[in-house]
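**Student:** Take this structure first; my questions come after.
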Amino acid sequence: MPREITGEVIHVVEPGEQAEYELDETVAGLADSRYLLVCREGGVPSVFERVVAFFKREPIRPVTLVADEGFEEGVEIEATVDFTTVDGVYEVIEIE
């Protein structure tokens, strides 16, 4: 069942760079010749949200999206994704 995710791209792994990372076999198979977008779930936090998170010691909730196209770091994206067998890794159906 598809899910909507809003996230800030914090790191991009291009198809040619995947060998430089220690990827799980399942993730490597999903990514194959696609991009891995590591995102901060929830999008770009406001200054107030950053201060509150700092004092509450709330960690960043990262998610990894497997997508056909890459994006620049710092860009906020909204994507319709599908679950994979790996927790926290989603396959992109559509990016708006």
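Values quoted throughout were computed directly from the atomic coordinates according to the rules given, and no laboratory measurement underlies them. In this text the structure is predicted, and so the values were computed from the model without any measurement.
**Student:** Hey, can you grab everything whose amide H is under 5 Å from the amide H of ILE10? Only 5+ residues off in sequence or another chain; H modelled, so Pro and N-termini drop out.
**Tutor:** Long-range HN contacts for ILE10: VAL38, CYS39, ARG40, GLY74.
**Student:** Please determine, in degrees from 0 to 90 and to the nearest 10, the orientation of helix 47-56 with respect to the longest principal axis defined by the Cα atoms of the chain, where the helix direction is its Cα long axis.
**Tutor:** 90
**Student:** Still on this model: Please compute the contact order of segment 35-96 in relative form: average sequence separation of alpha-carbon pairs under 8 Å and at least six residues apart, divided by the residue count, as a percent.
**Tutor:** Working: 82 pairs, mean separation 21.5, N = 62.
It rounds to 35 percent for segment 35-96.
**Student:** Further, regarding this structure: Run the helix sum for the chain: -39,500 (n - 2.57) per DSSP H stretch of 4+ residues, divided by residue count, reported at 222 nm to the nearest 500 deg cm²/dmol. Write out the running numbers ahead of the final one.
**Tutor:** Numbers: 2 runs with 17 residues, N = 96.
It lands at -5000 deg cm²/dmol.
**Student:** I'm checking a number: the convex hull volume of the Cα atoms of the chain, normalised per residue, in Å³. What is it?
**Tutor:** Numbers: hull volume 10.4 nm³, N = 96.
In the chain, the Cα hull volume divided by residue count equals 108 Å³.
**Student:** I want the antiparallel fraction of DSSP beta bridges within the chain, as a percent rounded to 5. Provide the component values of the computation, followed by the final result.
**Tutor:** Working: 23 of 26 bridges.
Once the DSSP bridges in the chain are tallied, antiparallel ones form about 90 percent.
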